[in-house]
Amino acid sequence: MAHEEAAKPSAGVKLVIRNIGVLLSGDLQQPILHADTVVVKDGKIAAIGRERELDTEGATRVIDANGTTLAPGLIDSHVHPVAGDWTPRQNQIGWIDSCLHGGVTTMISAGEVHMPGRPKDVVGVKAMAITAQRAFAALRPSGVKVLAGAPVIEHGMVEEDFRSLAEAGVRLLGEVGLGSVKDGPTARQMVAWARKHGMQSTIHTGGPSIPGSSLIDKDVVLAADADVIGHINGGHTALPDAQIRSLCEESPRALEIVHNGNERAALFTLRTAKELKQLQRVILGTDAPAGSGVQPLGIIRVVAALSSIGEIPAEVAFCFATGNTARMRNLDSGLIEVGRAADFVFMDAAQHSAGKTLLESVRLGDLPGIGMVVIDGEVRSERSRNTPPAARVPRIVR
Ligand SMILES: [Zn+2]
């Protein structure tokens, strides 16, 4: 497990990835790109196309994708980090490194709520949020980008608190409902203050997750109007179908489906979003670490479940964990597009999958085999130690 400073990609680095079998864009409008080569300069995507048409001269690194599928690095929209790569929730070390081996390159905190002795007074809440933001900005466990510093709102906070948090660099609000504020009107006021000062918010949806957490029903979710309807499929206890349908129909906000939620409610949400032609609102998270632990393969498990049982093409399901989240969260990653961060996952059908191709195997409900993960143009892991072995893996040529 490597604990590393968030290094700036050094100038003059040129990465060429060639022989890509299938290129997934992360974009619902065109999920598959017709290209076999990606050129990266200084950590950003510089060109996408056919190898013979691109300038591949002077590469400092060359990767032969070996016919595998390249997708944007996966984004986990809902995690609860605490300190570096340790979580006290199940007393586990190295959980973020394990998720890297599940293809995750970016994680977004929904609140550092598992901090032992978590402060609940306003000054303590603010101090902890700023500390978490600073700590994860300075240190990326195994290279994974963890966007943290997500205070959970408590009664007594005033607009000045949100202004000063934003000024200090805090850009997120943790799950509304995990603190003392559980009523619609107060939540709505604080979410609005956060939004006014450039902070994005999320809200707990459904029954209590663990003792001490509580029910947040659709009326509170609609009143609060947070940017993300956090775990709309419950964490784990889901709302009744009629309430989930109301959230899909009456709110324009992101519909976040998590691994640590109710699977039937996840499928209900997906089908409702599809019926409403609003699949662009669907984003994925794990909600790990949680009572049900850490799932290093949580995001690809949800992708495979939604694609197979939810009857969605696999290339579309991958958009839920990449481009949709990136757009919703204003990230510079998540899409294969010139100028975006060079965060990639290389996948192939797992050995002996009934599916002949990666996309077919996921459509049949199998997990992909991950062969390599790249963050900001740097190789962070090769053949995954956690997924079933990929039939083919990329090779570092130079
Ligand atoms: Zn929650």
Practice task
Report the full-extension gain for the segment TRP86 to ASN330: residue separation times 0.36 nm, less the Cα-Cα distance, to one decimal in nm.
Solution key: 85.1 nm
Exercise for the section: Normalise the Debye intensity by I(0) for segment 248-359, one equal point scatterer per Cα, no solvent, then take log10 at q = 0.10, 0.17, 0.24 Å⁻¹ and round to two decimals. Expected result: -0.31, -0.90, -1.46
Handout entry: Whole-number percent relative contact order across segment 35-106, with pairs defined as alpha carbons under 8 Å at least 6 apart
Key = 21 percent
Fill in the blank from the handout: Contour minus Cα-Cα span, GLN30 to ARG395, at 0.36 nm per residue, comes to 128.7 nm
Handout entry: Mean separation of Cα contacts under 8 Å (6+ apart) over length of segment 64-221, as relative contact order %
Key = 19 percent
Problem - Average accessible area per residue (Å²) across the chain - probe 1.4 Å, nucleic acids and ligands excluded - result: 37 Å²
Completion exercise
For segment 215-329 the mean separation of alpha carbon contacts under 8 Å (6+ apart) over residue count, i.e. relative contact order in percent, is 23 percent
Exercise for the section: Provide, as a two-decimal number, the C-alpha radius of gyration of the chain over 2.2 N^0.38 Å, N being how many residues it has. Expected result: 0.95
Problem - Probe 1.4 Å, all protein chains present, accessible-area order of LEU147, LEU335, largest first - result: LEU147, LEU335
Problem - Gain upon complete extension [LYS44, ILE309; 0.36 nm per residue less C-alpha separation] - result: 91.9 nm
Problem - Apportionment of accessible area to carbon and sulfur, the chain, percent (1.4 Å) - result: 52 percent
Practice task
Please find, in a Gaussian network model of the chain (springs between Cα atoms separated by less than 10 Å), the residue of ILE203, ILE300, ILE32 whose mean-square fluctuation is greatest.
Solution key: ILE32
Problem - the chain: antiparallel DSSP beta bridges as a percent of all, rounded to 5 - result: 55 percent
Problem - Cα-only radius of gyration and Dmax that characterise segment 340-398, units Å - result: 11.9, 35
Exercise for the section: Compute the distance in nm between two label points, each set 7 Å from the Cα along the Cα-to-Cβ direction, one at LEU364 and one at THR56. Expected result: 3.1 nm
Handout entry: Exceeding the 26 Å Cα-Cα cut-off - candidates LYS182/LYS277; LYS126/LYS182; LYS145/LYS182; LYS41/LYS356; LYS41/LYS277
Key = LYS182/LYS277; LYS145/LYS182; LYS41/LYS356; LYS41/LYS277
Problem - Modelled label reach - ARG195, point 7 Å along Cα→Cβ, segment 252-293 residues with backbone N closer than 15 Å - result: 252-255
Exercise for the section: Report, in deg cm²/dmol and to the nearest 500, the calculated mean residue ellipticity at 222 nm for the chain, where each DSSP H run with n ≥ 4 adds -39500 (n - 2.57) and the sum is divided by the residue count. Expected result: -7500 deg cm²/dmol
Practice task
May I have the extent of the alpha carbons of segment 81-160 along their three principal axes, as whole Å values ordered from largest to smallest?
Solution key: 41, 23, 17
Exercise for the section: Using the Kyte-Doolittle scale, find the helices of the chain whose mean hydropathy is at least 0.5 and whose Cα atoms extend 20 Å or more along the helix's long axis, counting only whole DSSP H runs. Expected result: 122-138
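The values are calculated or read from the model by the stated rules, or taken from the named source; none is laboratory data. Keep in mind it's a predicted model, so treat the numbers as computed, not measured. All Cβ positions, even for glycine, are placed from backbone atoms using ideal geometry, and neighbour counts span all protein chains on display. When the accessible area is computed, the model is the full protein with side chains, heavy atoms only, and any ligands, DNA or RNA have been set aside. Shrake-Rupley method; radii C 1.70, N 1.55, O 1.52, S 1.80 Å.
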